[in-house]
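Beneath this line is the structure, given in structure tokens, with notes to follow.
The values are calculated or read from the model by the stated rules, or taken from the named source; none is laboratory data. Keep in mind the model is a prediction, meaning the values are calculated, not measured. Here the Cβ positions follow ideal geometry from the backbone for every residue, glycine too, while neighbour counts run over all protein chains shown.
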Amino acid sequence: MRNRCLTFVLVLLSASLFAQPVVPKIDSGRINGAKYRILFPANWKGKLIMYAHGYEFMGTKPAQSENPEFVGRMKPFLDRGFAVAASDYQYQGLALAQGVDDTEALRTYFVNKYGKPDSLFMVGHSMGGGVTLATLENFGASYNAGLPLCPLSSRPYLQCRKEFDMYATFNGLFPGVVTSLTDLFNTSTPSQGQNPRNMVARAKEIRKAIVGTDSLLAVAFAKRFDLKLDDLPFSLFFNENVLRDLARKAGGNPFDNTNTVYSGFPDDLVVNRKAERLAATVSPDDIFGKYDRTGAISKPVLLMHTIYDQLIPPTYGVVNFENMVHQKGADRFFTVLYTNGQGHCNFTPQQTGKAFDALRTWAKTGVKPKAGFVD
């Protein structure tokens, strides 16, 4: 249990115990208030990666541009002679649309200062994978191709609605264990997000409470949301901070489950009678409308996912985006690779390198790589 806890924290918060690798040149500063960092390898010859980072809890430190792990995670691209440019975005939390705008501002800055890249690829993890897809949908003319990794590939509303529904049904079956939705979306009181440093201890408390209440139901509930039991407490912790962040940014509740009929549980009647119900108080378009997912891609997109993901299940996000791509008649621009990774964005550097090499070849030759497994 403890090993799983530590792995989850490391993946989500990007904490690192290792020294930052050295790159010969770094350009850093601010654009419209957003910090940025551009890494240049020794053998740079005009090739560029625009990189988008994933979700960060409000107040998380260090920021992307200061994270000692960042350069190491960019190694698969730096080793191939690509410069990497990344924005912190103007704010943390849900920043998908802001990430698109700040990435585009950084790309413009790069072109004005260093010239147009010989080749340009968009890459991002998690929410940054959503930024990658939205960038390809809206600014694809500037890019050769995109590599979204374990991305928020579904419509942002649907992804966050899944987290809302998890809380609504969990609070019905296991009342008093986590914060109610009513309290999470009460904007009349200051939002007190949970400290990420308390994640392990709080997850242990949640697990003890739900297993002590009904261990079989806890297992079934986790399975309903494509989770292993040990990951359910962490997802609840993560989702609480996400929902608090949404409430603050939206100025209310953008979700409405008063008409929702839940299914897939051991006793659906009990779940529906007990689920916490809230009406929306603000329009979801206010926070999710800008750069909403469309599937309208016109450049190669190679999406890579782990076979198990406790935050963005592949059967949920990948299928939704694939359907949108198909509706736009853009299947020739989309392919999916998967790994045996057991966790959110749990890729090896070698797997990332293989996926990127396949994408580069596709962009150069026009021959779409075969979808499937990456070892």
Just the residues that are surrounded by fewer than 19 Cβ atoms within 10 Å (Cβ to Cβ) and at positive phi, please, taken from the stretch 56-108.
Gly59, Gly81
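Considering only the stretch 167-208, state which residues are of a type in the set (Lys, Arg) and over 18 Å from Gly59 (Cα atoms). Steps first, answer last, please.
Initial filter on the stretch 167-208 (of a type in the set (Lys, Arg)): 197, 202, 204, 207-208.
Those that are of a type in the set (Lys, Arg) and over 18 Å from Gly59 (Cα atoms): Arg202, Lys204, Arg207, Lys208.
Might you let me know whether the stretch 348-361 holds any residue that is outside any helix (DSSP H, G or I), touching a helix residue (DSSP H, G or I) at 6+ places or on another chain (Cβ under 8 Å) and crowded, with 20+ Cβ neighbours inside 10 Å? I'd like the intermediate steps shown before the answer.
Filtering the stretch 348-361 down to residues outside any helix (DSSP H, G or I) leaves 348.
Retained after the next criterion (residues that are touching a helix residue (DSSP H, G or I) at 6+ places or on another chain (Cβ under 8 Å)): none.
Checked the stretch 348-361: no residue is outside any helix (DSSP H, G or I), touching a helix residue (DSSP H, G or I) at 6+ places or on another chain (Cβ under 8 Å) and crowded, with 20+ Cβ neighbours inside 10 Å.
Residues Gly130, Gly124, Gly140: which one is more than 17 Å from Ala95 (Cα to Cα), touching a Ser or Thr at 6+ places or on another chain (Cβ under 7 Å) and in the same structural domain as Tyr338 (by TED's automatic domain parsing)?
The unique qualifying residue is Gly140.
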Restricting attention to the stretch 48-63, does a residue exist that is at pLDDT 95 or above, more than 22 Å from Thr135 (Cα to Cα) and in the same structural domain as Pro148 (by TED's automatic domain parsing)?
no
